[in-house]
1. Once phi is turned into θ = phi - 60°, what whole-Hz ³J(HN,Hα) does the Karplus curve with 6.51, -1.76 and 1.60 give for every residue of segment 100-111, x standing for Gly and Pro?
2. Grab the alpha carbons of segment 141-189, take their convex hull, and tell me the volume per residue in Å³.
3. Counting only heavy atoms of protein chains, what accessible area per residue, in Å², does segment 37-93 have with a probe of 1.4 Å?
4. Ranked by accessible surface with a 1.4 Å probe, highest first, in what order do 96, 180 come?
5. Pop out the ³J(HN,Hα) list for segment 118-128 in order, Karplus 6.51 cos²θ - 1.76 cosθ + 1.60 with θ = phi - 60°, rounded to Hz; leave Gly and Pro as x.
6. Of the candidates 157, 174, 149, which one comes out as most mobile in a Gaussian network treatment of the chain with C-alpha springs shorter than 10 Å?
7. Give the whole-number value, in cubic angstrom per residue, of the convex hull volume spanned by the C-alpha atoms of segment 1-88.
8. What residue among 147, 18, 89 shows peak mean-square fluctuation when the chain is described by a Gaussian network model with Cα springs under 10 Å?
Amino acid sequence: YSGQKREYERLKDICDEITAAVGGNPLWVVVPGNHDLRWPEPGDATAKGLRSYPDDAALRRAAHTAKSDTQRSLRRLFADFERFFRDRIVSTWVSRPDELRLSYQLGSLPGDFLLQVERNGLCLGIVGLNSAFLQLDGGDYERRLCIEPEQLPGDLPRFVEQTDAALLMMHHPPSWLSPRSRKLFEQDI
């Protein structure tokens with residue numbers, strides 16, 4: 001509930017229990033939610049600055065620019081989720097012992113990805129979007145969150161065209177997106 005390492009250690013145990021119960025090698029796919037990051041302390045300058053994200057194009061670019069100070073700050077908030085995602089989820093994508101063929105690209109924020117799953121000539125696309133990166137406290141964020149096409153690597157329309165079906169995963173429903181982001185969602189995604 002607070003994006004801490006000990007919670008992900010427990011989650012690994014739960015995943016192992018589920019894997020043992022269902023048998024085989026299930027494909028784990030997750031996206032982060034608002035309890036998968038460590039909320040900044042009240043008064044945190046980065047958190048205060050991110051409140052202007054929906055209206056500040058330069059801030060939006062910085063959040064999705066590799067190794068920018070803004071992106072580094074966001075990644076720190078999701079550090080334990082990102083470690084879990086890399087070590088428990090992505091590592092199983094890399095080393096599948098079955099006949100599933102997986103290819104993936106990671107996006108600009110923890111939990112953003114494009115994943116193609118191929119088996120028996122069929123290809124399923126799974127798009128993961130981090131919709132929680134602006135929910136930095138327990139307040140009401142309905143109609144205040146954002147997602148951006150820049151979160152995803154590569155060309156989303158091309159990715160979808162290369163699949164037989166595609167799914168979008170994000171923690172929040174579209175109704176929680178800001179008006180600008182909702183328009184982008186409906187138009188581009």
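The values are calculated or read from the model by the stated rules, or taken from the named source; none is laboratory data. Model, not experiment: these values are computed from the prediction. Heavy atoms of the whole protein, side chains included, go into the accessibility calculation; ligands, DNA and RNA do not. Shrake-Rupley method; radii C 1.70, N 1.55, O 1.52, S 1.80 Å.
1. Karplus values, whole Hz, x for Gly and Pro: 5, 9, 10, 9, 8, 9, 8, x, 7, 10, x, x.
2. 79
3. 55
4. 180, 96
5. 10, 7, 6, x, 9, 10, 9, x, 10, 10, x
6. 157
7. Residue-normalised Cα hull volume stands at 109 Å³.
8. 18
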